[in-house]
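Q: Dropping a structure here in structure tokens format, bear with me for questions.
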Amino acid sequence: MNKLQTDILEKGFKVTPQRLAILKYLKENRVHPTAEKIYSEITKEYPAISLTTVYKTLASFVEVGMVKELDIDPHKMRFDICTEDHNHFHCRVCDNVYDVDCDGSTITGDLHSSTKIEGHKVDTVDIHLKGVCRYCEAVSS
């Protein structure tokens, strides 16, 4: 049994080809795809899969903490296989979303160490950087 199958079973799901394909796609494509992008790629191998199945599977994965929803794109929800706290960069040219390795506390101050900010209890801090990625910048230079 491979790691993807184990991950699915440990969360209480039945292992299906569709669930495996969605999880595999997320692990191999770290640009934080939309459900529609996942669907368009998976139908090449599983033409009978429906967009509804992709949405329901992603919602189930999010619910149990296997996948994280990102609202970095105002037009569509993105999905991230890495559920640990980290920051993202959204390229306005290619529309990809990348993980960025920067210390968020340098941008926000150390919000996580504060118990309250203006009386509000801080649980999470999400930093969404937007601009032109290094790949698109290189092409335009």
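The values are calculated or read from the model by the stated rules, or taken from the named source; none is laboratory data. Since this is a predicted model, take the numbers as computed values, not measurements. Glycine gets a Cβ as well: all are built from the backbone with ideal geometry, and neighbour counts include every protein chain shown.
Q: Looking only at the stretch 51-85, which residues are free of Cβ contacts under 8 Å to residues at least 40 places away in the same chain, in contact with a helix residue (DSSP H, G or I) (Cβ under 8 Å, 6 or more places away or on another chain) and not aromatic (F, W, Y)?
A: L51, T53, V54, T57, L58, K68, E69
Q: Output the number of residues of the stretch 51-82 satisfying the condition of being under 22 Å from K3 (Cβ atoms) and acidic (D, E).
A: Total meeting the criteria: 2.
Q: Right, next: When you scan the stretch 63-82, do you find a residue that is modelled with pLDDT under 90 and either small (G, A, S) or in contact with a Gly (Cβ under 6 Å, 6 or more places away or on another chain) (or both), even just one?
A: Looking only at the stretch 63-82, we keep the residues that are modelled with pLDDT under 90, and these are 71-75.
Restricting the remaining residues to those that are either small (G, A, S) or in contact with a Gly (Cβ under 6 Å, 6 or more places away or on another chain) (or both) gives none.
The answer is no, given that none of the residues of the stretch 63-82 is modelled with pLDDT under 90 and either small (G, A, S) or in contact with a Gly (Cβ under 6 Å, 6 or more places away or on another chain) (or both).
Q: Also, quick follow-up: Give the stretch 30-43 a look and list any residue that's at pLDDT below 95 and either loosely packed, with under 15 Cβ neighbours inside 10 Å or among the hydrophobic types (A, V, I, L, M, F, W, C) (or both), or say none.
A: R30, V31, listed by residue number.
Q: Now for a separate question. Return the pairs, sorted by first residue and then second, in which the second residue is part of a loop (DSSP other than H, G, I, E, B), the first residue lies in the stretch 15-34 and is farther than 21 Å from N96 by Cα, the beta carbons are less than 8 Å apart, and the residues are 6+ apart or on different chains.
A: Between residues of the stretch 15-34 that are farther than 21 Å from N96 by Cα and residues that are part of a loop (DSSP other than H, G, I, E, B), the close pairs are P17/Y46; Q18/Y46; Q18/I49; R19/F13.
Q: Now for a separate question. Among the residues of the stretch 35-50, which ones are without any contact (Cβ under 8 Å) to a residue 12 or more places away in the chain and more than 20 Å from D71 (Cα to Cα)?
A: S40, T43, K44, P47, A48, S50
Q: If you go through the stretch 1-49 one residue at a time, how many are of a type outside the set (V, I, T) and over 27 Å from K130 (Cβ atoms)? Show your work before the answer.
A: Start the filter on the stretch 1-49 by keeping residues that are of a type outside the set (V, I, T), which leaves 1-5, 7, 9-14, 17-21, 23-30, 32-33, 35-37, 39-41, 44-48.
Adding the requirement that they be over 27 Å from K130 (Cβ atoms) leaves 1-5, 7, 9-14, 17-21, 23-24, 44-48.
Selection size over the stretch 1-49: 24.
Q: Run down T52, T115, T124, T106 and say which single residue is surrounded by fewer than 17 Cβ atoms within 10 Å (Cβ to Cβ), at pLDDT 95 or above and on the phi < 0 side of the Ramachandran plot. Explain how you work it out, then say what you get.
A: Numbers: T115 fails: at pLDDT 95 or above; T124 fails: at pLDDT 95 or above; T106 fails: at pLDDT 95 or above.
Exactly one residue qualifies, and that residue is T52.
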